[in-house]
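Computed from the coordinates by the stated procedures, all read-outs in this text should not be read as laboratory data. A quick note: this is a predicted structure, and the numbers were derived from the prediction, not measured. Every residue, glycine among them, receives a Cβ derived from its backbone with ideal geometry; neighbour counts consider all protein chains shown.
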């Protein structure tokens, strides 16, 4: 029986299939449904869990090569939120792009983790190293 790290079997199954340069989307509660993309929904109530909590849990066993977020994130969120994302992703630098371009990357991902995050434009696409 697993006793530490990520315990959710569906989430572990999804993460285990991410290989070199594959991408994984971690999204907020309002992110659109993509029928062709496996989605593991771990939302419970507002902000439980958040994208940042999932990132924190993933960091121990997931090698991040690059990360993508929407430009709109920068305008909608203050320094504390932006700094927390940056700290969680360090040393990887986030590549910001218009939300429309960000969404074009989604169908190519191995899967999507849907959280209950309410952070505006807090969605992120991780590319494995």
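What to note about this one:
- Pairwise label distance in nanometres, residue 60 with residue 104, each label 7 Å out on the Cα-Cβ vector: 3.8
- Alpha-carbon centroids, region 89-129 and region 8-62: separation in whole Å: 10
- For the chain, the relative contact order comes to 49 percent (Cα pairs under 8 Å, sequence separation of at least 6).
- DSSP beta bridges confined to region 9-128 are antiparallel in about 45 percent of cases.
- Helical contribution to [θ] at 222 nm, DSSP H n ≥ 4, -39,500 (n - 2.57), averaged over the chain, rounded to 500: -8000 deg cm²/dmol
- Tilt relative to the chain, helix 79-89 - C-alpha long axis, 0 to 90 degrees, to 10: 40
- Candidates 47, 79, 117: whichever shows maximal mean-square fluctuation once the chain is modelled as a Gaussian network with Cα springs under 10 Å: 79
- When the chain is treated as a Gaussian network with alpha carbon springs shorter than 10 Å, the biggest mean-square fluctuation among 98, 49, 80 belongs to 80.
- Structure remark: mean-square fluctuation, Gaussian network model of the chain, C-alpha springs under 10 Å; the largest value among 105, 52, 17 belongs to 17.
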